[in-house]
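Inspection log for the structure reproduced underneath, given as structure tokens.
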Amino acid sequence: MSVVVGLGLIGGAVAGAVIDRGPDAAPQAAPGSAAEFAQARDVWHSAPVGTLFPPTVAGKGAGPGGADRVWTRVGVAAPSACTGAFDPLLGQVLAPTGCLKLLRATYVDSTSTTVTTVGLLVTTADAAGMQALGSRWSGEHLGDRTDLIPRPVAFPGTPAAAFGVKQRGSWDVRVSANLPFVVYAVSGFADGRAVPSPQPASAALAAGATTAPAQAGLGHDATGLAKAIDDRLNATVTAELHPTPTAGTEPPR
């Protein structure tokens with residue numbers, strides 16, 4: 001189920017707000033520890049929607065030919081389980097890491113030509129489980145397979161109204177090596193045209209690529225947004241689990 005732009009990932013959250021780690025907050029875990037890994041899993045619940053999925057995302061040099069790219073959020077889906085959210089085979093690949101929650105938002109580029117859904121899968125796996133998925137994903141080149149493309153989320157009344165499985169043009173999947181997250185992005189055309197031969201972002205970005213996804217910059221959209229949201233996620237985890245003491249405060253003991 002989709003919801004309109006502006007709903008927080010927690011009720012009443014204000015986009016961009018700073019999380020207050022009061023005296024009752026859990027003690028800071030050591031970097032790289034199992035405790036830190038477990039605490040990171042709660043970030044989706046405490047971070048405002050605008051922190052993980054900001055209203056606009058700027059990608060300097062992220063477009064074709066090194067052009068700057070700007071994407072605007074058109075919708076945020078309600079946090080959900082993973083049932084029905086992935087094509088069956090992709091669901092089987094991801095199943096060993098479990099699914100605590102799935103967060104998704106869809107963006108449109110500045111020309112309203114392309115649309116991209118970004119997903120954040122919060123897993124229930126431990127560090128070993130995530131490392132196993134990462135090794136399999138890269139070792140078996142699963143990111144290149146057209147039967148393992150993430151599904152998009154359409155939003156009625158927006159440029160992404162017709163964004164369905166047949167409109168998927170390019171995609172990028174990032175399995176975290178040290179956190180319980182999988183971040184992905186899948187892009188297509190805003191006019192709803194079907195893409196008979198979708199292409200992974202890595203191939204669409206290759207020099208000399210002449211496919212429709214490559215020439216339209218769909219690979220740039222998928223990679224640019226996946227990287228931007230992945231970077232924001234990692235920065236948010238660091239800020240929440242290891243906050244920098246402000247003036248007049250003492251670091252936790």
Can you list residue pairs whose Cβ atoms sit under 7 Å apart, with the first residue in region 33-46 being open to solvent by less than 40 Å² (accessible area, probe 1.4 Å) and modelled with pLDDT of 85 or more and the second being among the small types (Gly, Ala, Ser) and in a helix (DSSP H, G or I)? Count only pairs 6 or more apart in sequence or on different chains.
37/127
Say whether the condition of being buried (at least 17 other Cβ atoms within 10 Å of the Cβ), farther than 25 Å from residue 40 by Cβ and free of Cβ contacts under 8 Å to residues at least 60 places away in the same chain is met by at least one residue in region 234-253.
no
Can you tell which of 116, 83 is in contact with a strand residue (DSSP E or B) (Cβ under 7 Å, 6 or more places away or on another chain) and hydroxyl-bearing (Ser, Thr, Tyr)?
116
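For every residue, the table says whether it meets (1) acidic (Asp, Glu); (2) under 19 Å from residue 110 (Cβ atoms).
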residue: 172; (1), (2): yes, no
residue: 180; (1), (2): no, no
residue: 202; (1), (2): no, no
residue: 207; (1), (2): no, no
residue: 215; (1), (2): no, yes
residue: 226; (1), (2): no, yes
Quick one: how many residues across region 157-189 are open to solvent by 20 Å² or more (accessible area, probe 1.4 Å) and touching a residue at least 60 places away in the same chain (Cβ under 8 Å)?
4
Pick out the one residue from 172, 191 that is out of contact with any helix residue (DSSP H, G or I) (no Cβ under 6 Å at 6 or more places or on another chain), acidic (Asp, Glu) and under 22 Å from residue 72 (Cα atoms).
191
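The values are calculated or read from the model by the stated rules, or taken from the named source; none is laboratory data. Keep in mind the model is a prediction, meaning the values are calculated, not measured. Note that each Cβ is placed from the backbone with ideal geometry, even for glycine, and that neighbours are counted across all protein chains shown. The accessibility values were calculated without ligands, DNA or RNA, using every heavy atom of the protein model including side chains. Shrake-Rupley method; radii C 1.70, N 1.55, O 1.52, S 1.80 Å.
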